[in-house]
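These notes concern the structure reproduced below.
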Amino acid sequence: MAIEEDREAARSLAAVARLAVVRASGGNPAARTLAGRGRSWLLGRMDRARRAERPGTGWRDSWSRERPGWRERAAYLSGNEVFSVDYQVCRRCRLGWVEQPSTVAKYRRCGLAAAALAALRSENPGIEWHTLGGHLADSVPFWISVGAGIPGGYTQRDPCPHRHAERGLNRFR
Ligand SMILES: [Zn+2]
C-alpha cells in the first residue's frame, strides 16, 4: 500500500525530529528595511520555487514567511513539505510560543506535530510553552494531550514585550 508506506515514512521522520534538522541560512526578514523586505519576499517566492535549502526528507528550521520574527519548523518527505509550525522563544522571559501546527491530511496522526513540539522543547530547555490562542474546537484534544505535563501546557498567552505579536496571514491549509 503506497499510502501506508508514506505514513510509515512520516512516522520515521517523526522519530528523528530532534536530529535531522537543517538550519536555513539568511538574516531575519523582520529586521530588514521595507525595501529589503520586498526583496526578501521576492527571493522567498523564488526560494520556494527552487526549494532551495530544503531537505529531500528531513526537518528544516528557517525564518517564518508568514510571521515576521518567528521561526518555522517544517518536515519534508521526498521534497514535499508535509508539516510545519511557527514558533518563537524569549530567553529573557523564558517563554515560548507555537502557532498553527499543520500537517498535510494524509500524514495526520503519524506523530509529526508532537515530535516537532518535543524537539523544540528539548532544544530550548527551561522554557514555558504557550500559544497565541484561537484554537479551533477540533484541535483542543490535541493541545490537551500534547500539553500534558509541559510547563505552560500550551495555554493561551499574549506575547511578552520583547517578542512579536503578529498572528500572520491565513495558512494555505
Ligand atoms: Zn520577553
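Where a number appears in this text, it was derived from the coordinates with a stated rule and is not lab data. This is a predicted model, so every value here is computed, not measured. All Cβ positions, even for glycine, are placed from backbone atoms using ideal geometry, and neighbour counts span all protein chains on display.
Please give the peptides 75-87, 139-151 ranked by average Cβ packing (other Cβ atoms within 10 Å per residue), highest first, as a rough proxy for protection.
Ranking the peptides 75-87, 139-151 by packing returns 75-87, 139-151.
Once you put a point 7 Å from the Cα of Ala105 and another 7 Å from the Cα of Ile3, both along the Cβ direction, what distance in nm separates them?
Computed distance between label sites Ala105 and Ile3 equals 1.0 nm.
Kindly write out, for the range 110-116 in residue order, the coupling ³J(HN,Hα) from the Karplus curve 6.51 cos²θ - 1.76 cosθ + 1.60 (θ = phi - 60°), rounded to whole Hz, with x marking Gly and Pro.
Result, rounded to whole Hz: 9, x, 5, 5, 4, 5, 5.
Search the structure for amide H atoms under 5 Å from the amide H of Gly111, placed 1.01 Å from N in the peptide plane, and list their residues when 5 or more places away or on another chain.
Answer set, sorted by chain and number: none.
If you build the Cα gyration tensor of the range 61-127 and take the root of 5 times each eigenvalue, what three semi-axes come out, in whole angstrom, biggest first?
Ellipsoid semi-axes (Å, largest first): 22, 14, 9.
So what J values fall out for the range 155-160 if you push phi through Karplus, 6.51 cos²θ - 1.76 cosθ + 1.60 with θ = phi - 60°, rounded to Hz, Gly and Pro as x?
So the Karplus estimates, Gly and Pro as x, are 6, 5, 7, 5, x, 6 Hz.
Between Ala20 and Ser122, 0.36 nm times their residue separation minus their Cα-Cα distance comes to what?
35.3 nm
Can you run phi through the Karplus equation (6.51, -1.76, 1.60; θ = phi - 60°) for the range 73-78 and list ³J(HN,Hα) in whole Hz, with x for Gly and Pro?
10, 10, 10, 10, 10, 6
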